[in-house]
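Here's the structure we're looking at; comments come further down.
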Amino acid sequence: MIVSKEHILDFIPHRAPFVMIDGLVAVTEEKFESELFIDAGNILVHEGVFQESGLMENIAQTCAASFGFLDRQHEGKPKIGFIGAISRVTVHALPPHSSKINTIVKPTHQLGNIFMVTGQNFLNGKLLLECEMKIVTT
């Protein structure tokens, strides 16, 4: 773990109750990995299941934290990012609360401050959701 739960808020602008990432497992220019334990009281848990919106938000926050981590290594200060678009969403399964998901995001294209990424969430190696996102940093 390169950024623990105790320090994740240093890398994302989100605050409770909308923090959907516990820590960064690994970050390179080519691949970001995070994890999240889904608490039963999570705002995006409905009828005991973490919703699609939570999985997509987890992917977005994995991007935010990872870009912030890389920015600190290169420039010293994290940039703010926004979701420009979400496309090609495929939901395979939704995880129950009290489970830990792992997320992998791969930046695929960059044009200035606009990044295209693919993201996938997993529970015990089983693919939950996959999508593409356009992330704009400022």
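Among Ser98, Ser66, Ser34, determine the one that fluctuates most according to a GNM of the chain built with springs between C-alpha atoms less than 10 Å apart.
Ser98
Answer rounded, prolate or oblate for region 69-111, using the Cα gyration tensor with square roots of eigenvalues a ≥ b ≥ c: rounded when a/c is under 1.5, else prolate when a/b is larger than b/c, else oblate.
oblate
So, R0 is 22 Å and r is the distance between the beta-carbons of Leu127 and Glu30; what FRET efficiency does that work out to, to 0.05?
The pair Leu127/Glu30 has a calculated efficiency of 0.65.
Would you rank His97, His109, His46 by solvent-accessible area, highest first, keeping every protein chain in place and using a 1.4 Å probe?
My answer, sorted largest first, is His109, His46, His97.
What does the accessible area of Lys77 come to, in Å² to the nearest 10, when a probe of 1.4 Å is used?
Its heavy atoms expose roughly 150 Å² to the probe.
Students often get this wrong, so try it: which of (1) 42, 33, 23; (2) 43, 29, 29; (3) 38, 31, 28 is Cα extents along the principal axes in Å as calculated from the structure shown?
Given (1) 42, 33, 23; (2) 43, 29, 29; (3) 38, 31, 28, the structure-derived one carries the label (1).
Calculate the dipole size of region 1-77 relative to its Cα centre from +1 charges on Lys and Arg beta carbons and -1 charges on Asp and Glu beta carbons; express the result in debye to the nearest 20.
200 debye
I need the GluC sites (Glu not before Pro) found in region 1-40, filtered to DSSP loop residues with at most 16 other beta carbons within 10 Å of theirs.
Glu6, Glu29, Glu30
When Lys and Arg each count +1 and Asp and Glu each count -1, what net charge do the other residues less than 14 Å away from Lys100, Cβ to Cβ, add up to?
Net of charged neighbours comes to -2.
Of Asn113, Gln51, Leu94, which is farthest along the charge dipole of region 40-129 in the positive direction, counting Lys and Arg as +1 and Asp and Glu as -1 at C-beta?
Sorting the options by dipole projection puts first Asn113.
For a 28 Å ceiling on Cα separation, which of these pairs sit above it: Lys77/Lys100; Lys31/Lys100; Lys106/Lys126?
The answer is Lys77/Lys100.
Counting only protein chains, not ligands or nucleic acids, how are Phe69, Phe32 ordered by accessible area (probe 1.4 Å), most first?
Listed by decreasing accessible area, they come as Phe69, Phe32.
Using a simple spin-label model with points 7 Å from Cα along the Cα→Cβ vector, what separation in nm is obtained for Phe82 and Ile43?
Between Phe82 and Ile43, the simple spin-label model gives 1.9 nm.
Roughly how far apart, in whole Å, are the Cα centres of region 90-111 and region 1-51?
11 Å
Tally Lys and Arg at +1 and Asp and Glu at -1 over the other residues with C-beta under 15 Å from the C-beta of Ile12: what net charge comes out?
-1
GluC sites (Glu not before Pro), restricted to region 46-92: which are DSSP loop and have at most 16 other Cβ atoms within 10 Å?
Qualifying residues, ordered by number: Glu47, Glu75.
Hey, what angle do you get for helix 52-74 against the long axis of the chain, alpha-carbon based, 0 to 90 degrees rounded to 10?
That works out to roughly 30 degrees.
The values are calculated or read from the model by the stated rules, or taken from the named source; none is laboratory data. Bear in mind the structure is a predicted one, so any value in this text is a computation, not a measurement. Please note: Cβ atoms are built from the backbone with ideal geometry, for glycine as well, and neighbour counts cover all protein chains shown. Surface areas here come from the heavy atoms of the whole protein model, side chains and all, with no ligands, DNA or RNA. Shrake-Rupley method; radii C 1.70, N 1.55, O 1.52, S 1.80 Å.
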